[in-house]
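What follows is a single structure, written as structure tokens, with notes after it.
The values are calculated or read from the model by the stated rules, or taken from the named source; none is laboratory data. Nothing here was measured: the structure is a model prediction, and the numbers come from that model. Methodologically, a virtual Cβ is constructed for each residue, glycine included, from the backbone with ideal geometry; neighbour enumeration extends over all protein chains shown. Just so you know, the surface numbers come from the protein's heavy atoms only, side chains and all, with ligands and any DNA or RNA stripped out. Shrake-Rupley method; radii C 1.70, N 1.55, O 1.52, S 1.80 Å.
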Amino acid sequence: MSIKITEECINCGACESECPNHAIYEGGKKWRMSDGTSLKKKKSEKIDFTIPQNPKKKDIYFIVSEKCTECVGFYEEPQCVIICPVSCCVLDEKSLESKEDLLKKKNFLHDSF
Ligand code: SF4
Ligand code: SF4
């Protein structure tokens with residue numbers, strides 16, 4: 001599972017710098033798979049991970065589920081969950097992933113190229 005941020009977010013920004021995958025963005029900000037990862041433009045397969053994507057939320061911080069690994073591969077516990085002062089970082093039940101899959105995702109994000 002990835003973590004999601006609920007509407008209770010007070011926009012304090014404390015979680016953003018804690019994420020080892022740069023998966024957390026301020027509301028309204030564009031995001032890229034390449035931010036904070038080793039993913040780059042892959043010309044041979046016409047995949048460009050540096051293309052900016054539209055924000056997933058406009059008014060509150062959001063987590064890019066494609067980049068969230070629940071901190072697997074870096075820490076024992078999800079860092080955003082620990083640091084959030086209002087406990088609004090919670091497991092996203094719609095995004096179920098095994099620990100093995102999360103580790104594969106971590107390796108994809110950081111060791112692919
Ligand atoms: Fe980032 Fe970890 Fe929070 Fe996922 S659980 S958003 S990887 S800090
Ligand atoms: Fe929102 Fe919690 Fe992150 Fe602060 S730490 S920006 S309240 S999700």
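Ignoring ligands, DNA and RNA, what percent of the 1.4 Å accessible area of region 22-113 is carbon and sulfur? Can you show the working numbers first?
On the way: 2900 of 5760 Å².
Carbon and sulfur together cover 50 percent of it.
For the chain, with the dipole built from +1 on Lys and Arg beta-carbon atoms and -1 on Asp and Glu ones, taken about the Cα centre, which of S87, T6, L109 lies farthest toward the positive end?
L109
Probe of 1.4 angstrom, ligands and nucleic acids ignored: what's the accessible area per residue over region 1-91, in square angstrom?
Working: 5140 Å² over 91 residues.
Here the residues of region 1-91 average 56 Å² of exposed surface.
How big is the chain along each principal axis, measuring the range of its Cα positions in Å and listing the largest first?
Result for the chain: principal-axis Cα extents of 44, 30, 24 Å.
Taking θ as phi - 60°, what are the ³J(HN,Hα) couplings along region 76-91 by the Karplus curve (6.51, -1.76, 1.60), each to the nearest whole Hz, with x for Gly and Pro?
Karplus-based 3J(HN,Hα) across region 76-91 equals 6, 10, x, 5, 5, 5, 5, 8, 4, x, 10, 6, 9, 9, 9, 5 Hz.
Suppose each label sits 7 Å from its Cα in the direction of the beta carbon; what would the I51-L103 distance come out to in nanometres?
Between I51 and L103, the simple spin-label model gives 3.3 nm.
Per 0.36 nm of contour for each residue apart, how much would the distance between E66 and V90 grow if the chain were fully extended, relative to their Cα-Cα spacing?
Values: separation 24, 0.36 × 24 = 8.64 nm, distance 1.58 nm.
Stretched out fully, the E66 to V90 stretch lengthens by 7.1 nm.
Once phi is turned into θ = phi - 60°, what whole-Hz ³J(HN,Hα) does the Karplus curve with 6.51, -1.76 and 1.60 give for every residue of region 97-107, x standing for Gly and Pro?
9, 6, 4, 4, 5, 5, 5, 4, 4, 4, 5
Explain nothing, just the number: relative contact order of the chain, from Cα pairs under 8 Å at least 6 residues apart, as a whole percent.
On the way: 199 pairs, mean separation 44.7, N = 113.
Relative CO of the chain lands at 40 percent.
Based on Cβ point charges of +1 for Lys and Arg and -1 for Asp and Glu, what charge dipole magnitude is obtained for the chain about its Cα centre, in debye rounded to the nearest 20? Could the numbers behind the result be given before it?
Values: 18 positive and 19 negative charges, 153 e Å.
Using only the charged Cβ atoms, the result is roughly 740 debye.
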